[in-house]
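Structure first, then comments.
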Amino acid sequence: MMHHEPSRDFEPVSTRTFTNRINGAKSHGPISEEGKARSSMNAMKHGFRASKDLAVPEDEREEFEKFLDGVREDLNPVGQIQCALVDRIATCAWRLRRVVSMESVMLMENTQEGEGFHRAFTYRGNEQRFITLTRYESMIERGMYQALSTLTQIKRLSPVPNPDRTSF
């Protein structure tokens, strides 16, 4: 008895696939700059691994700008490379604040009065969430200290600063 394989040249399209193609052809994503900016944040959960600008909610923007200005004043960058490193240090420090805040919320939400924090780590499968948070914290700290070390080396090796090149 011969068994014939169906031809791969033509496969019937399911109704769902056909409908998805029609609907997909209608939308090409956001058109306005505001819509594009909002859409770019769709998958943002916490911002720890953001590759673009630091994700700062609008209500925290002013506080972040003050923090950034303070870090710039403290580290006194000269030139674009030093400015970039100082901004990296500031964004890492801001992300570390967010990690600590998230950890505090997770601990408070998962403990009850009179219980130790150890229960929060295993309560409702939180162990993996804490492990992930700790991994992000380590990654961010490493990035911050690497930038700080590089900045220190550059400052040590730099010639007399040019006051006209202190920012981007």
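Points worth noting:
- Meets criteria (modelled with pLDDT of 85 or more and exposed (fewer than 11 other Cβ atoms within 10 Å of the Cβ)) for Lys66: yes
- Under the condition of being touching a residue at least 60 places away in the same chain (Cβ under 8 Å) and either among the hydroxyl-bearing types (Ser, Thr, Tyr) or in contact with a Pro (Cβ under 9 Å, 6 or more places away or on another chain) (or both), the residues counted in the stretch 49-81 number 2.
- Within the stretch 69-92, the residues that satisfy the criterion of being of a type outside the set (Val, Ile, Thr), surrounded by fewer than 17 Cβ atoms within 10 Å (Cβ to Cβ) and assigned to a helix (DSSP H, G or I) are Asp69, Gly70, Glu73, Asp74, Gln80, Ala84.
- Residue among Ala37, Ala55 that alone is more than 25 Å from Ser149 (Cβ to Cβ), at pLDDT below 85 and surrounded by 14 or more Cβ atoms within 10 Å (Cβ to Cβ): Ala55
- One residue from Ser149, Ser101 being assigned to a helix (DSSP H, G or I), modelled with pLDDT under 95 and either loosely packed, with under 12 Cβ neighbours inside 10 Å or within 22 Å of the chain's Cα centre (by Cα) (or both): Ser101
- Restricting the stretch 110-146 to residues that are within 30 Å of Asn76 (Cβ to Cβ) and surrounded by fewer than 12 Cβ atoms within 10 Å (Cβ to Cβ), the residue that is modelled with the lowest pLDDT: Ser138
- Applying a threshold of 7 Å to beta carbon distances and a minimum spacing of six or more residues, or different chains, the list of pairs starting in the stretch 126-141 at a residue that is at negative phi and ending at one that is of a type in the set (Gly, Ala, Ser) and surrounded by 12 or more Cβ atoms within 10 Å (Cβ to Cβ) reads Asn126/Ala120.
The values are calculated or read from the model by the stated rules, or taken from the named source; none is laboratory data. Just so we're clear, the structure is a prediction, and the values are computed from it rather than from any experiment. Here Cβ is always computed from backbone atoms with ideal geometry, including for glycine, and neighbour counts include all displayed protein chains.
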